[in-house]
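Enquirer: Below: one structure in structure tokens.
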Amino acid sequence: MLQTNLNHIESASQLNQIISENENVMVCCGRMGPMCLPVYDVMENLEDKYENVKFFDMAFDSPEAGVIRNLPECSTFAGLPFTVYYKNGKVVKATSSIQTKDEVKTILNEKFGN
Amino acid sequence: MEKFDAIILGGGPAGLTAGIYLARAKQSVLIVDQGSVGGQIILTHKVANYPGVPETSGYQLAGNMKKQAKEFGCKIVSSSKVTKMDLISDQKTIEVDGEDVYTSDSVIIASGGEPRSLGLESEKRLKGKGVSYCATCDGDFFQDQDIVVVGGGNSALEEAVSLTAYARSVTIVHEFDHFQAYASAVKEASEHPKINFILESNVVDFKGKESLESVIVKNLKDGSEQELAVTGAFIFIGYVPRSEAFKGILDINDRGEIIVDRDMKTGVKGVFAAGDVISKRYRQITTAVSDGTIAALSVLEYKNKK
Ligand SMILES: Cc1cc2nc3c(=O)[nH]c(=O)nc-3n(C[C@H](O)[C@H](O)[C@H](O)COP(=O)(O)OP(=O)(O)OC[C@H]3O[C@@H](n4cnc5c(N)ncnc54)[C@H](O)[C@@H]3O)c2cc1C
């Protein structure tokens, strides 16, 4: 499990349940590494501001994270973390590697509105 | 508008140290960081030269500094951008994320440095899809693949060697005919059977639709170009001071470093600077915490004299 203040997803079935029960979900799948930490930090900061979005992390090295690693939207990714945005259970955007707060906000506004 | 005894811009080792000293002196302190608190050291896998701390990870060391600053009472705001500032007036004001406004009569700038990029459009497009700035994070995506490392300093050579654990071959592309690295790092890289060198050359383009497929390398002596088929490119070409936001307000030299005196005072009353962003020769955690300490003590002296 990742040492962040975000809610953690530990299994593929938990992820599937979350995206089926929530309209807008952002999941950051990474490690406790330099490119991932800033993205978790951004998400922790945005949690209060985007009440219409559920924010989660998932440990990249867990076998269960195959549910994200093997997404077609992530097939060309070669940089941690893999960040995936789901709307009504469907992937609407995925990014690879570090993202700034502005980049994350742009996606949240574009895909989920606020 | 919330008022603080001191506002610190940047929560790396310099900013956190200044915060610890000021908060311990019963000052109310705000630390604003536009990224993650901890600064560049969270990029460091292993820190072995911080006195009193046997080998640790940069993340752990940064986490401890942050905890200490918080426990002494610093308010820390991270992932938040300074959108407006007035450093010139006696009462300095800082607007954060276009929403919150803070004021103080003293400000310490500890904005550190950031990795230099090649500045190519294709580099930006393929970031995370072959272009990387962190070997420990992304090395394992390049198992048995051919990659390039751009740069010729300690980071480039050391990371090139570490990447040989995954890659089939590592080609180091460097703009000069010699390296700016310790002799031991040069020797280790030169003797490694998986490492090749292309010197006096620059990467001028990254090619690939969905992910990196090749790089264009230009020979700086004769202008000729060659295409290298690689799926990974790691860029380690040094760090630049993060002083852009203070241009026109503070004295900044042609290397982009803020000029301070030995008490960390800038040319503007009540504004101090510390750490990697200032004009100095050696950039280490120890030198950053030293600058942060001096800046904090100078703020206290400035307040006492007011
Ligand atoms: C890969 C790597 C390995 C290293 N290894 C070592 C080592 O082993 N030992 C050692 O002693 N040193 C090492 N260093 C050097 C060391 O990390 C730096 O010297 C030190 O972090 C400098 O501290 P700082 O607080 O001045 O700046 P930084 O660490 O750069 O922190 C500056 C902070 O300010 C924030 N910021 C920037 N602009 C603004 C702004 N306008 N407003 C608000 N916040 C802002 C940034 O987000 C950042 O968090 C290493 C550096 C790197 C990159």
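Any read-out appearing in this document is the output of simple, stated calculations on the displayed coordinates, not a laboratory observation. Computed from a predicted structure; not experimentally measured. A quick note on method: Cβ atoms are made from the backbone with ideal geometry, for glycine too, and the neighbour counts reach across all protein chains shown.
Enquirer: Would you please give the residues with an amide H less than 5 Å from that of B:S78, counting only those at least 5 places away or on a separate chain, with H modeled from the backbone geometry?
Expert: Here B:D33 satisfy the definition.
Enquirer: What is the local net charge at A:C29, summed over the other residues whose Cβ is closer than 11 Å to its Cβ (Lys, Arg +1; Asp, Glu -1)?
Expert: Net local charge, A:C29 excluded: -1.
Enquirer: Under a 5 Å amide H to amide H cut-off, with H placed in plane at 1.01 Å, what residues pair with B:S57 once short-range neighbours are removed?
Expert: Counting only residues 5 or more places away or on other chains, the set is B:V47.
Enquirer: Enter the Cα centre distance for the pair segment A:54-114 and segment B:164-212, rounded to the nearest angstrom.
Expert: 31 Å
Enquirer: Also, I was wondering about something else. Which peptide among B:13-24, B:280-291 comes first, and what is the full order, when sorted by highest mean count of other Cβ atoms within 10 Å?
Expert: By packing density, highest mean first, the sequence is B:13-24, B:280-291.
Enquirer: Tell me the label-point distance for the pair B:K209, B:M1, using the 7 Å Cα-to-Cβ offset, in nm and rounded to one decimal.
Expert: Distance between the two pseudo-spin positions: 5.7 nm.
Enquirer: Semi-axes, largest first, in whole Å: what does sqrt of 5 times each Cα gyration tensor eigenvalue give for segment A:52-114?
Expert: That gives 20, 13, 11 Å for the three semi-axes.
Enquirer: Determine the shape class of the protein assembly as shown: with a ≥ b ≥ c the square roots of the Cα gyration tensor eigenvalues, call it rounded for a/c under 1.5, and otherwise prolate if a/b is greater than b/c, oblate otherwise.
Expert: oblate
Enquirer: Whole-Hz ³J(HN,Hα) for each residue in segment B:61-67, computed from phi via Karplus 6.51 cos²θ - 1.76 cosθ + 1.60 with θ = phi - 60°, x for glycine and proline: what do you get?
Expert: 5, 5, x, 5, 5, 5, 4
Enquirer: Round to the nearest 0.05 the FRET efficiency obtained for B:E95 and A:K87 when R0 = 25 Å and r is the Cβ-Cβ distance.
Expert: Efficiency at R0 = 25 Å is approximately 0.15.
Enquirer: Which pairs, out of B:K46/B:K303; B:K81/B:K269; A:K93/B:K92, put more than 31 Å between their alpha-carbon atoms?
Expert: Pairs exceeding 31 Å: B:K46/B:K303; A:K93/B:K92.
Enquirer: Could you tell me which of rounded, prolate or oblate describes segment A:7-112, using a ≥ b ≥ c as the square roots of the eigenvalues of the alpha-carbon gyration tensor, with rounded for a/c under 1.5 and, failing that, prolate when a/b is larger than b/c and oblate otherwise?
Expert: It comes out rounded by the Cα gyration axes.
Enquirer: Related question: Return the unpartnered cysteines for chain B, using a Cβ-Cβ cut-off of under 4.7 Å.
Expert: If one checks each Cβ against the other cysteines of chain B, B:C74 turn up with nothing under 4.7 Å.
Enquirer: Can you give the calculated 222 nm mean residue ellipticity of the protein assembly as shown, where each DSSP H run of n ≥ 4 adds -39,500 (n - 2.57) and the sum is split over every residue, rounded to the nearest 500 deg cm²/dmol?
Expert: Calculated mean residue ellipticity at 222 nm is -7500 deg cm²/dmol.
Enquirer: Right, here's the next one. Once the Cβ-Cβ distance between B:L199 and A:S75 is put in as r, and R0 is 45 Å, what FRET efficiency do you end up with, to the nearest 0.05?
Expert: Taking R0 as 45 Å, the efficiency between B:L199 and A:S75 is 0.80.
Enquirer: Something else: Taking each residue in A:95-106, count the Cβ atoms of any other chain within 10 Å of its Cβ, then average. What number comes out?
Expert: 4
Enquirer: Continuing with the same structure: Tell me the label-point distance for the pair B:S28, B:E175, using the 7 Å Cα-to-Cβ offset, in nm and rounded to one decimal.
Expert: Each label point is offset 7 Å from its Cα along the Cβ direction, giving 4.7 nm.
Enquirer: Based on the mean of other beta carbon atoms within 10 Å per residue, what is the order of B:134-143, A:59-68, most packed first?
Expert: B:134-143, A:59-68
Enquirer: Write down the percent of antiparallel bridges among all DSSP beta bridges whose residues are both part of chain A, to the nearest 5.
Expert: Percent antiparallel among DSSP bridges in chain A is about 55.
Enquirer: Stretched out fully, how many nm does the piece from B:D251 to B:S279 gain, at 0.36 nm a residue minus the Cα gap?
Expert: Additional length available on full extension: 9.0 nm.
Enquirer: Oh, and also: Calculate, for A:E23 and B:K84, the FRET efficiency according to 1/(1 + (r/R0)^6) with r their C-beta to C-beta distance and R0 30 Å; round to the nearest 0.05.
Expert: So, using R0 = 30 Å, E works out to roughly 0.30.
Enquirer: Right, next: Add +1 for every Lys or Arg and -1 for every Asp or Glu among the other residues with Cβ under 13 Å from the Cβ of B:N154, and state the total.
Expert: Neighbour charge sum, excluding B:N154 itself: -1.
Enquirer: Which whole-number percent of Cα pairs in segment B:1-139 have a distance greater than 22 Å?
Expert: Tail fraction, whole percent: 46.
Enquirer: Short version: ³J(HN,Hα) in whole Hz for each residue of segment B:183-195, in order, from phi by Karplus 6.51 cos²θ - 1.76 cosθ + 1.60 (θ = phi - 60°), x for Gly and Pro, what are they?
Expert: After applying 6.51 cos²θ - 1.76 cosθ + 1.60, I find 4, 5, 5, 5, 4, 4, 5, 5, 8, 7, x, 8, 9 Hz.
Enquirer: Take the Cα radius of gyration of segment B:117-235 and divide it by 2.2 N^0.38 Å, with N its residue count; two decimals is plenty.
Expert: The value comes to 0.97.
Enquirer: Summing Lys, Arg as +1 and Asp, Glu as -1, what charge do residues with Cβ under 11 Å from the Cβ of B:D86 carry, B:D86 excluded?
Expert: Residues close to B:D86 contribute a combined charge of 0.
Enquirer: May I pose another question? Looking only at the protein assembly as shown, where both bridge partners belong to it, what percent of the DSSP beta bridges are antiparallel (to the nearest 5)?
Expert: Among the beta bridges of the protein assembly as shown, antiparallel pairing accounts for roughly 45 percent.
Enquirer: Quick one: work out the % antiparallel among DSSP beta bridges in chain B, nearest 5.
Expert: Among the beta bridges of chain B, antiparallel pairing accounts for roughly 45 percent.
Enquirer: So, one more: In whole Hz, what ³J(HN,Hα) sequence does segment B:242-249 give by Karplus (6.51, -1.76, 1.60; θ = phi - 60°), x for Gly and Pro?
Expert: For segment B:242-249, the Karplus curve yields 8, 10, 3, 5, 10, 5, x, 10 Hz.
Enquirer: Amide H of B:G12: which non-local residues (sequence gap of 5 or more, or other chain) have their own amide H closer than 5 Å, using H built in the peptide plane?
Expert: B:G38
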